[in-house]
């Protein structure tokens, strides 16, 4: 089912043509749609202005790592403080990520055309396209995930295991400064290295022990390098303090704390009312609560009160609640995973953003309210009105089908992941396991915001078409062998 990983078959013309079409559509999307600036977008733009000036770190929100603002700063240097700079950056990150994913997938399976179809689906997926035209970091996260897989794929022929571990650890550490959850790659990559048989041992199992030692050395180095690289930012007190607020948000959003728990203190009544008021008819619910959890309008006041009454205790209380209410925690995990997989819910950032960008929700400006001291600058330089467009109307019609396709893609990734384990295919395993682990991490953290899953969607769409292509290849190969002139048929 898989081709030899040591050779990079030349992609057929149709595959290259489909990839070119995909990139054309990506740039057409950016040109056709107006820029959306959310509350977080205000902060990213301001952080880009503050970076490398006397305002850093005084005006920095340490919940956000500095690499995306650094990319934005470069984009603003090249194009100025205009919407086109942000859209060009996000489109470039998406395009580079798609090319890296296409190369890795093609080298792992030689199913170039199937992978190209997955790339085209990605640039027509509403939950991906909307982040091309938003001042948010989701598509850069996808790019860094793709880059990790590409380096893994092309480094398997390197003779020095320490160099491979160093390269993989370095790209993970850099990715941490873009989005901290990219550190999950340091957990997944060692398994891929153990599966990834080097040249010369794919048919000869005599070298298995040497391969095991090599894989363990590379794994140790990549874990060490990625951790040491991320450590400076981790150890900043403001980073640790802001991380506590995320934990409180997760606990309230997924109702991890029982309503009568004394840890709630004076927030008990508001917390119980928030859970009750967040229940909605017509949506999938787990324990009566929709997959998006408690509504945002109730969360922040309760979150702030809990943080004030229990300073620096969020993680400790989270761990206690998991131990005391494991079923409640698992329900929260299930809701979070479904939300991250774009399951329909009363509150979804992605499709609210899409409704604004496509003009389905009438707004005077696509600059959302933000911090009062930042709004004037952002509105002056980045304010745009939603413009009617063919792609906007098309994306609106594709919302429901795309949700189904994303879930099918996640299921295809699970199947291919199991197949890769059985066949000991390290690159294919990583193509499937890394996006699944990325989604699962947000589930275990109870961080169920649907936009957090969008970096995994191109992988899911690619794996869906990849599975279909590989199955077709196997069926056609079986048919050819059945009708080949052998045995008694050949003698007649």
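The values are calculated or read from the model by the stated rules, or taken from the named source; none is laboratory data. Bear in mind the structure is a predicted one, so any value in this text is a computation, not a measurement. Every residue, glycine among them, receives a Cβ derived from its backbone with ideal geometry; neighbour counts consider all protein chains shown.
Restricting attention to segment 338-355, report how many residues are touching a strand residue (DSSP E or B) at 6+ places or on another chain (Cβ under 6 Å) and surrounded by fewer than 21 Cβ atoms within 10 Å (Cβ to Cβ).
Residues meeting the conditions: 2.
Of the numbered conditions (1) under 30 Å from residue 56 (Cα atoms); (2) in a helix (DSSP H, G or I); (3) touching a helix residue (DSSP H, G or I) at 6+ places or on another chain (Cβ under 8 Å), residue 242 fails exactly one; give the number of that condition.
Tallying (1) under 30 Å from residue 56 (Cα atoms); (2) in a helix (DSSP H, G or I); (3) touching a helix residue (DSSP H, G or I) at 6+ places or on another chain (Cβ under 8 Å), residue 242 fails exactly one: (3).
Does residue 306 satisfy the condition of being assigned to a helix (DSSP H, G or I) and more than 28 Å from the chain's Cα centre (by Cα)?
Judged against the criteria, residue 306 is a match.
Would you pick out the residues in segment 42-100 that are assigned to a loop (DSSP other than H, G, I, E, B) and closer than 21 Å to residue 365 by Cα? Explain how you work it out, then say what you get.
Taking segment 42-100 and keeping what is assigned to a loop (DSSP other than H, G, I, E, B), we get 51-66, 80-82.
Across segment 42-100, the qualifying residues are 80, 81, 82.
Which one of the conditions (1) closer than 22 Å to residue 128 by Cβ; (2) in contact with a helix residue (DSSP H, G or I) (Cβ under 8 Å, 6 or more places away or on another chain) does residue 365 fail to meet, given that it meets all the rest?
The single condition residue 365 does not satisfy is (1).
For residue 315, state whether it is surrounded by fewer than 16 Cβ atoms within 10 Å (Cβ to Cβ), in a helix (DSSP H, G or I), more than 23 Å from the chain's Cα centre (by Cα) and free of Cβ contacts under 8 Å to residues at least 12 places away in the same chain. Full working, then the answer.
Details: surrounded by fewer than 16 Cβ atoms within 10 Å (Cβ to Cβ): yes; in a helix (DSSP H, G or I): yes; more than 23 Å from the chain's Cα centre (by Cα): yes; free of Cβ contacts under 8 Å to residues at least 12 places away in the same chain: no.
Here the answer is no, as residue 315 does not meet what is asked.
Could you identify the single residue in 86, 129, 82, 123 that is out of contact with any helix residue (DSSP H, G or I) (no Cβ under 6 Å at 6 or more places or on another chain) and crowded, with 24+ Cβ neighbours inside 10 Å?
86
Per-residue answers, yes or no, for (1) over 25 Å from the mean Cα position of the chain (by Cα); (2) within 29 Å of residue 46 (Cα to Cα):
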| position | (1), (2) |
| --- | --- |
| 297 | yes, yes |
| 311 | yes, yes |
| 334 | no, no |
| 337 | no, no |
| 340 | no, yes |
| 345 | no, no |
| 351 | no, yes |
| 355 | no, yes |
| 359 | yes, yes |
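So is residue 418 part of a helix (DSSP H, G or I), at pLDDT 95 or above and either surrounded by fewer than 21 Cβ atoms within 10 Å (Cβ to Cβ) or in contact with a strand residue (DSSP E or B) (Cβ under 8 Å, 6 or more places away or on another chain) (or both) or not? Before you say what the answer is, go through the steps one by one.
On the way: part of a helix (DSSP H, G or I): yes; at pLDDT 95 or above: yes; either surrounded by fewer than 21 Cβ atoms within 10 Å (Cβ to Cβ) or in contact with a strand residue (DSSP E or B) (Cβ under 8 Å, 6 or more places away or on another chain) (or both): yes.
For residue 418, the condition - part of a helix (DSSP H, G or I), at pLDDT 95 or above and either surrounded by fewer than 21 Cβ atoms within 10 Å (Cβ to Cβ) or in contact with a strand residue (DSSP E or B) (Cβ under 8 Å, 6 or more places away or on another chain) (or both) - is met.
Could you check how many residues of segment 146-169 are part of a loop (DSSP other than H, G, I, E, B), under 15 Å from residue 217 (Cα atoms) and touching a residue at least 60 places away in the same chain (Cβ under 8 Å)?
Of segment 146-169, the ones part of a loop (DSSP other than H, G, I, E, B) are 155-160.
Now drop any that are not under 15 Å from residue 217 (Cα atoms), which leaves 155-156, 158-160.
Restricting the remaining residues to those that are touching a residue at least 60 places away in the same chain (Cβ under 8 Å) gives 156.
Number satisfying all stated conditions: 1.
I'd like the full set of residues that are in contact with a strand residue (DSSP E or B) (Cβ under 7 Å, 6 or more places away or on another chain), farther than 11 Å from residue 35 by Cβ and not in a helix (DSSP H, G or I), limited to segment 376-399.
At the first step, the residues of segment 376-399 found to be in contact with a strand residue (DSSP E or B) (Cβ under 7 Å, 6 or more places away or on another chain) are 378-379, 382-383.
Still in the running and farther than 11 Å from residue 35 by Cβ: 379.
If the condition is that a residue be in contact with a strand residue (DSSP E or B) (Cβ under 7 Å, 6 or more places away or on another chain), farther than 11 Å from residue 35 by Cβ and not in a helix (DSSP H, G or I), then no residue fits.
Inspect segment 25-38 for any residue being out of contact with any helix residue (DSSP H, G or I) (no Cβ under 8 Å at 6 or more places or on another chain), modelled with pLDDT of 95 or more and not in a helix (DSSP H, G or I) and give the result as yes or no.
For segment 25-38, residues out of contact with any helix residue (DSSP H, G or I) (no Cβ under 8 Å at 6 or more places or on another chain), modelled with pLDDT of 95 or more and not in a helix (DSSP H, G or I): absent.
Is it the case, given these coordinates, that residue 179 is surrounded by fewer than 23 Cβ atoms within 10 Å (Cβ to Cβ) and either touching a strand residue (DSSP E or B) at 6+ places or on another chain (Cβ under 7 Å) or within 30 Å of residue 384 (Cα to Cα) (or both)?
Yes: the conditions hold for residue 179.
Out of 328, 335, report the one residue that is in contact with a strand residue (DSSP E or B) (Cβ under 8 Å, 6 or more places away or on another chain), over 14 Å from residue 451 (Cβ atoms), at pLDDT 95 or above and assigned to a helix (DSSP H, G or I).
Values: 328 fails: in contact with a strand residue (DSSP E or B) (Cβ under 8 Å, 6 or more places away or on another chain).
After ruling out the rest, the residue left standing is 335.
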